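Any read-out appearing in this document is the output of simple, stated calculations on the displayed coordinates, not a laboratory observation. In this text, all values refer to a predicted model and were calculated from it rather than measured experimentally. In this analysis, Cβ positions are derived from the backbone assuming ideal geometry, glycine residues included, and neighbour counts consider all displayed protein chains.
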């Protein structure tokens, strides 16, 4: 019985694979930001004439803000810019569909390659 040797990939194609993966990772991280699907809230809840009390800051928090050089007006945008926890069910469903589709493709392609290897190793078994 001969030992299975997988097909070899040329150096050029290895380089193409690396470039493709780098671009895919960059796009996967950059695109949601560009489309506004990730990040903090889109707008800051404004408080007219902010005070530490209106911003709901404790005495200990006020001391720390002042150590950092903030007054209520300067700290307003930082405190009021809260993360948006709203879920977009359509985007979540789309992402789930993409992931499920990817795994179906992965398993089908793997099964095809597995059967080719078995047929090559054991031509009599069918």
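Values for this structure:
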item: Shape of segment 41-86, Cα gyration tensor, a/c cut at 1.5; result: prolate
item: Förster radius 30 Å - calculated FRET efficiency between residue 33 and residue 53, Cβ distance, rounded to 0.05; result: 0.30
item: Enclosed volume per residue, in Å³, of the convex hull spanned by Cα atoms of segment 12-73; result: 143
item: Contact order relative to length of the chain, as percent, for alpha carbon pairs under 8 angstrom and 6 or more apart; result: 29
item: P(r) histogram, all alpha-carbon pairs of segment 62-111 included - 5 Å bins from 0, percent; result: 4, 16, 12, 10, 8, 7, 7, 8, 9, 7, 6, 5, 1
item: Radius, Kirkwood style, for segment 87-126 when every pair of distinct Cα atoms is counted (Å); result: 12.2
item: Translational D in µm²/s for the chain (Stokes-Einstein at 37 °C, 0.692 mPa s, Kirkwood Rh from C-alpha pairs); result: 157
item: Linear extension gain, residue 107 paired with residue 94, 0.36 nm per residue minus alpha-carbon span; result: 2.7 nm
item: Mean separation of Cα contacts under 8 Å, 6 or more apart, over the residue count of segment 41-86: relative contact order %; result: 59
item: Computed [θ] at 222 nm, helices only, for the chain once each DSSP H run of length n ≥ 4 contributes -39500 (n - 2.57); result: -20500 deg cm²/dmol
